[in-house]
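Report on the following structure.
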Amino acid sequence: MSAEEINELMLAKDDMEQTAFHIAAEDDKTQVIKEIWEWSTVKLSAEEITKVLLGKGDMEETAFHRAARFGKTKVLQRLWEWGNERLSPGEL
């Protein structure tokens, strides 16, 4: 796959404007979240990684919001750690 195709796949949204990252967070798929994150950090630019972390679905919620809404504490912990590593204080 080309870098452009990988980027498109990683940031693709479904009919509810959610990425795979949102869906995995909501469904408490900790291993899936980890895999998507690892692929993102290898294949995407810093700007695109920020889009993965801060991307919003049709309800204007990030993956962090979705995990919180559904009580997915392990996913929340992971997302918080990654956010602290990659985002500026203003973005958090």
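A few points about this structure:
- Residue match in region 36-48 (condition: part of a loop (DSSP other than H, G, I, E, B), farther than 14 Å from Asn7 by Cα, of a type in the set (Gly, Ala, Ser) and without any contact (Cβ under 8 Å) to a residue 60 or more places away in the chain): no
- Looking across region 42-60, the residues that are within 21 Å of Asn84 (Cβ to Cβ) and either among the small types (Gly, Ala, Ser) or surrounded by 14 or more Cβ atoms within 10 Å (Cβ to Cβ) (or both) come down to Leu44, Ser45, Ala46, Glu48, Ile49, Thr50, Lys51, Val52, Leu53, Leu54, Gly55, Lys56.
- Among the residues of region 3-20, those that are of a type outside the set (S, T, N, Q), touching a residue at least 40 places away in the same chain (Cβ under 8 Å) and in a helix (DSSP H, G or I) comprise Ala3, Met10, Leu11.
- Residue in region 61-92 that is modelled with the lowest pLDDT, counting only those that are surrounded by fewer than 19 Cβ atoms within 10 Å (Cβ to Cβ) and touching a Leu at 6+ places or on another chain (Cβ under 8 Å): Glu91
- Looking across region 60-92 at every residue that is in a loop (DSSP other than H, G, I, E, B) and either among the β-branched types (Val, Ile, Thr) or in contact (Cβ under 8 Å) with a residue 40 or more places away in the chain (or both), the one that is nearest to Glu4 (Cα to Cα) is identified as Thr62.
- Checking every residue in region 16-33 against the condition of being more than 14 Å from the chain's Cα centre (by Cα) and loosely packed, with under 15 Cβ neighbours inside 10 Å gives at least one match.
The values are calculated or read from the model by the stated rules, or taken from the named source; none is laboratory data. Keep in mind that what you see is a predicted model, and the values were worked out from it rather than measured. Please note: Cβ atoms are built from the backbone with ideal geometry, for glycine as well, and neighbour counts cover all protein chains shown.
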